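Q: Structure incoming, see below.
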Amino acid sequence: MASVSLEGLEKSYGATPVVKGLSLHIASGEFLALLGPSGCGKTTTLRVIAGLEQAHAGRVSIGGQPVEGDGQYVPPERRQLGMVFQSYAVWPHLTVEENVAYPLRLKKVSRADIAPQVAAALAQVRLTGLGARRPDQLSGGQLQRVALARALVGQPKVLLLDEPLSNLDAALRDELRAELGHLRSQLGLTFIYVTHDQSEALGLADRIAVLNEGLLEQLATPHDIYHSPASPFVARFVGGATLLKGRVDEGQLHADGLTLPLPGDCRRVGSTRSEHVTAAIRSEDVVLGEGSTQLTVLARLFQGSTTEYRLRWGEHFLRAHGPWRDDAHPGRPIAIRVRRLTLF
Ligand SMILES: Nc1ncnc2c1ncn2[C@@H]1O[C@H](COP(=O)(O)OP(=O)(O)O)[C@@H](O)[C@H]1O
Ligand SMILES: [Mg+2]
């Protein structure tokens, strides 16, 4: 395993900057998730680390060795990386074994040495016995395991994964996510895992780097990202919080003509000025049927273990999650209380 350092990384396509001065240090053996909405520059960052794209400015080093920047450029095959893409990228005309052997063939490893390494990689992803199959005889989950075995076979020091689960259905995604967690504990490898899915990032990563339009919004543990978001963007993107702009006066939040008493558990981030705040309210912190603020129910969406409510807040809506309530009828008013919020 090896550490990975990015320093002031910049990358543009044409005149459009996509990565805007990104600096990150990923420790050896760490599992880092790069999390952000579609288009924020995650794949571009990963491709620069892999050497598939060149940065316009900044430096990349792997295991303390510079691989990019200051006029230096080490090609992908000499960076000791494994890479798994969203789209499997498994060759359809090759068998499972031939697919996994492919990177070794490129490196001119001898035939006698290839077979045991392929067998070991297939065992790591629990595909032993399926080596002779063709990709069209495999499920989506198995295809992604082939891609994983192919990434592992060269014994990389860093594994780069780009949305590896997003083409799978929900049940397979859960299974493969658990498997990745398990693999991680077995292999001595540094993981850089790109996703737009907060639950994957929260569940798998040691630390999460939240990206927004090519900039780092926050770098912290899943617990801190969730409980102590550094910006309204992180509160909304990761915590699913509703953001309300308004002012604070005598312990009350005034926003869009409505008033909400501030709870005792009120976190303030930065030098919040009372006359100009953004309140971030997570849906699980909204309690229905109590409190002094009356809102109209816009929608009630039963989801099994929980129910989502959308409550009219001026021109916007406040999201709430909680048990099913018969009295929270769409179109009717309901009292709400907020037990915790963050002011930015
Ligand atoms: N080869 C390319 N040429 C031009 N624009 C690109 C190219 N690749 C990505 N982009 C643009 O760069 C931005 C970031 O893309 P990407 O890194 O793929 O984001 P993400 O993986 O976070 O969804 C997007 O606006 C995308 O349209
Ligand atoms: Mg992408």
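The values are calculated or read from the model by the stated rules, or taken from the named source; none is laboratory data. No experiment lies behind these values; they were computed from the predicted model shown. Ideal geometry is used to build each Cβ from the backbone, glycine not excepted, and the neighbour counts take in all protein chains shown.
Q: Given GLY51, GLY64, which one is crowded, with 19+ Cβ neighbours inside 10 Å, away from ligand 1 (no atom under 11 Å from the Cβ) and modelled with pLDDT of 95 or more?
A: GLY51
Q: When you scan segment 317-325, do you find a residue that is in contact with a Phe, Trp or Tyr (Cβ under 7 Å, 6 or more places away or on another chain), closer than 25 Å to HIS276 by Cβ and not charged (D, E, K, R), even just one?
A: no
Q: Separate question: Among (1) within 16 Å of ligand 1 (Cβ to nearest atom); (2) in contact (Cβ under 8 Å) with a residue 24 or more places away in the chain; (3) part of a helix (DSSP H, G or I), where does PRO103 come up short?
A: (1)
Q: Given the structure, is ALA201 more than 16 Å from ligand 2 (Cβ to nearest atom), assigned by TED's automatic domain parsing to the domain that holds GLU77 and not acidic (Asp, Glu)?
A: Here the answer is no, as ALA201 does not meet what is asked.
Q: Can you tell me which residues in segment 169-198 are within 16 Å of ligand 2 (Cβ to nearest atom) and hydrophobic (A, V, I, L, M, F, W, C)?
A: Residues satisfying the conditions are ILE192, VAL194.
Q: From the residues in segment 67-91 that are polar (S, T, N, Q) and either modelled with pLDDT of 95 or more or surrounded by 16 or more Cβ atoms within 10 Å (Cβ to Cβ) (or both), which one is nearest to ligand 1 (Cβ to nearest atom)?
A: Selected residue: GLN86.
Q: List pairs: first in segment 261-287 and under 13 Å from GLY251 (Cα atoms), second outside any strand (DSSP E or B) and of a type in the set (Lys, Arg), Cβ under 7 Å, 6+ apart or cross-chain?
A: Going by the 7 Å Cβ cut-off, the qualifying pairs are PRO263/ARG339; ASP265/ARG339.
Q: Let me ask something additional. Which residue out of GLY314, GLY331 is surrounded by fewer than 20 Cβ atoms within 10 Å (Cβ to Cβ) and modelled with pLDDT of 95 or more?
A: Step by step, each of GLY314, GLY331 is checked, and only GLY331 is surrounded by fewer than 20 Cβ atoms within 10 Å (Cβ to Cβ) and modelled with pLDDT of 95 or more.
Q: Let me ask you something else. Considering only segment 26-94, give the strands (runs of 3 or more DSSP E) lying wholly within it that have at least 1 residues that are touching a residue at least 40 places away in the same chain (Cβ under 8 Å) and closer than 24 Å to SER166 by Cα.
A: Fully inside segment 26-94 and qualifying: 31-35, 81-84.
Q: What residue, among those in segment 168-205 that are basic (Lys, Arg) and without any contact (Cβ under 8 Å) to a residue 60 or more places away in the chain, is farthest from PRO229 (Cα to Cα)?
A: ARG173
Q: Another question, then. Kindly establish whether LEU106 is buried (at least 16 other Cβ atoms within 10 Å of the Cβ) and either under 21 Å from SER185 (Cβ atoms) or of a type in the set (A, V, I, L, M, F, W, C) (or both).
A: When the stated conditions are applied, LEU106 does not pass them.
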